[in-house]
Every structure is written in structure tokens, then in C-alpha cells.
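*Asks:* Below: one structure in C-alpha cells.
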Amino acid sequence: MKKKMLSLMLTGMMVVGLCACGAKKEETKADSAQVTDEVATAVSDEDNEFVVGFDQEFPPMGFVDENGEFTGFDLELAAEAAKRMGMELKLQPIAWDAKDMELESGTIDCIWNGFTMNGREDGYTWTQPYMNNTQVFVVNADSGIETLEDLAGKTVEVQADSSAEAALKDMPDLMSSFGTVQTTPDYNTAFMDLEMGAVDAIAMDIIVAGYQIEQRQNGCVILEESIASEEYGIGFKKGNEVLRDKVQAALEEMAADGTMTEISVKWFGEDVTTIGK
């Protein structure tokens, strides 16, 4: 009788133990499923983010407005493209001379900020050009400088690692005629230097130059002779054709339905875009 009762007690304990073990396994499976879902959601959210790298001191393409908000022609195009792609836009200010490092490290998905394609064709995966541009010189109206020859012996400033700097390097005879060539991190600083008389001329994009002169009303003028013609595009890490194709499709939609023209007219008073033209 005692043996029978002992057997029954052991059997009961085994059943309870098995039930507890089963419950623990179910909890572990549930916890594991929850963690997996959280990781999947995090990955999904990250994949759905479109990170645009830009120079925040490059009006009118991308800059900080009087309310401390990021704005600009390129940034509005990027916002519209992100919406059409069903992605969340993240605007990431970058130091222009560190743009390649930011792109290669994956900090940003693309460089979209008055980014010149010419001379960089093999360094990035590009969209089609969406805008034409030229590199010019800006001087004070009363400086007496009217031609490129008048820049001989003068101090010229240019943004570091910019298209204007590259254009000057492609014109060694002109560049060697200058008294000094110095670089600056951004063109807002360059215009302040010009206004104070610290430099005699700025080499820069005509689109940005025109906007700066209009906004500042500082008596600066653009020389008639340009130093280079170029095209703006959106640069992705070499080989990232999947995201490039999505952005390109969005740009073409925007051009076809007139949205790109509307944004251009808002910023420039006319349609300066080239897609679909």
C-alpha cells in the first residue's frame, strides 16, 4: 500500500514538473517571438528611412531658415520624393568636405544639395541631372573688377572641396594669376569676407550666388564670364542602384505632374529644372 501511494505521489510530481516545464517553454517561445517582432520592426523602420546629406549653409538649395528649420529647393524636392516613395525623410547636415566619408559609412543614403556631377561621374551612382548650373565669380560692384583678367593679383575665396574649387584647378593659368586662393567651409562666411573686404572675389555656383545677392542686397555682382558649366544630380554610394532608381522614378513623376515646376518657381521665379525637358 505504501509503495502504491509513493508511486502515485512520484507520478503526480512528474506531471506537475512536466506541466511547469511546458509552460516555461511556451513563455520562452512567446518572449522570443516578441523580441523577434521588435527586431523586425526596428529593421523595417530603419529600412524605411531616407537619409539625405546636405550642406546646411548652402541657400537656396539647403539651409536653416529664420525659424531654425531646414528648408531649401533641394530639401523640398527630397521631401516630396520621400513621400512618393513611402519613406520617412531624415535631413542630415554634413560638413561638405566630409561628404564622401558620410556616404561610405552609411550615415547618409545620398548627397542632395546642389551636387555637381561633372568630374565625379565615376565616384557615385547618380540620378539623371535635374538642373543646370555654372561656376562664376562674385565681386563687390565698386571693386573695379569686370573681367577674369582683372582678378590678377587678387584674393579669391572658394568653398573647400567644391565644384568651384575643382573648376579653378582645371584652369591653372587663371588660378596662378591670382594673388591668393583661400578656402572657406561655407559661402555665408565667404560673403561676409567679401563684404568686409577680406577677399576680392568668390568663386561659386551661379544659382547660389544669385540667391545670396538677392537676399543680402549688398551691392555684389556676378561677372559675365563663367569658368565652368555643369549639371546637378543626386549622388548615392557606388552600386546603390535600387534606391537611386526609386528616387529617379519619383523625380520623373514630379516632373510629369508639374510638382517639380511648382517647387522651382517658388524658389527661383521660373522653372530651372531639366528632367523631362
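Read-outs throughout are calculated quantities, based only on the coordinates presented, and are distinct from any laboratory measurement. Keep in mind that what you see is a predicted model, and the values were worked out from it rather than measured. Note that each Cβ is placed from the backbone with ideal geometry, even for glycine, and that neighbours are counted across all protein chains shown.
*Asks:* Identify, among Met175, Leu91, Val158, the residue whose Cα sits farthest towards the positive end of the charge dipole of the range 83-195, taking +1 on the Cβ of Lys and Arg and -1 on the Cβ of Asp and Glu, with the dipole about the Cα centre.
*Replies:* Leu91
*Asks:* Under a point-charge model restricted to the Cβ atoms of Lys and Arg (+1) and Asp and Glu (-1), what is the dipole moment magnitude of the range 198-277 relative to its Cα centre, in debye to the nearest 20? Before the final figure, lay out each step's value.
*Replies:* Values: 7 positive and 15 negative charges, 75 e Å.
The calculation lands at about 360 debye.
*Asks:* So for the range 108-170, what percent of the C-alpha to C-alpha distances run longer than 14 Å? Intermediate results must be reported in sequence, preceding the final value.
*Replies:* Values: 1302 of 1953 pairs.
Percent of Cα pairs beyond 14 Å in the range 108-170: 67.
*Asks:* Taking every alpha carbon pair in the range 79-121, what does the distance histogram look like in 10 angstrom bins from 0, in percent?
*Replies:* For the range 79-121, the pair-distance distribution reads 24, 49, 27, 1.
*Asks:* What value in Å³ per residue do you get for the convex hull of the alpha-carbon atoms in the range 40-142? Please list the in-between numbers first.
*Replies:* Working: hull volume 14.8 nm³, N = 103.
Enclosed volume per residue, from the Cα hull, is 144 Å³.
*Asks:* What translational diffusion coefficient, in µm²/s and rounded to a whole number, does the Stokes-Einstein relation yield for the range 132-277 at 37 °C and a viscosity of 0.692 mPa s, taking the hydrodynamic radius as the Kirkwood radius over Cα pairs?
*Replies:* Numbers: Rh = 16.9 Å.
Roughly 195 µm²/s, to the nearest whole number.
*Asks:* Let me ask something else. On average over all directions, what projected area in square nanometres does the range 177-235 have, based on the convex hull of its Cα atoms? Intermediate values should be presented prior to the final figure.
*Replies:* Numbers: hull surface 21.0 nm².
So the Cα hull casts an average projection of 5.3 nm².
*Asks:* Dividing the alpha-carbon radius of gyration of the range 138-192 by 2.2 N^0.38 Å (N being the number of residues), what value is obtained? If you can, show how the numbers build up before the last one.
*Replies:* On the way: Rg = 11.2 Å, N = 55, 2.2 N^0.38 = 10.1 Å.
Output field value: 1.11.
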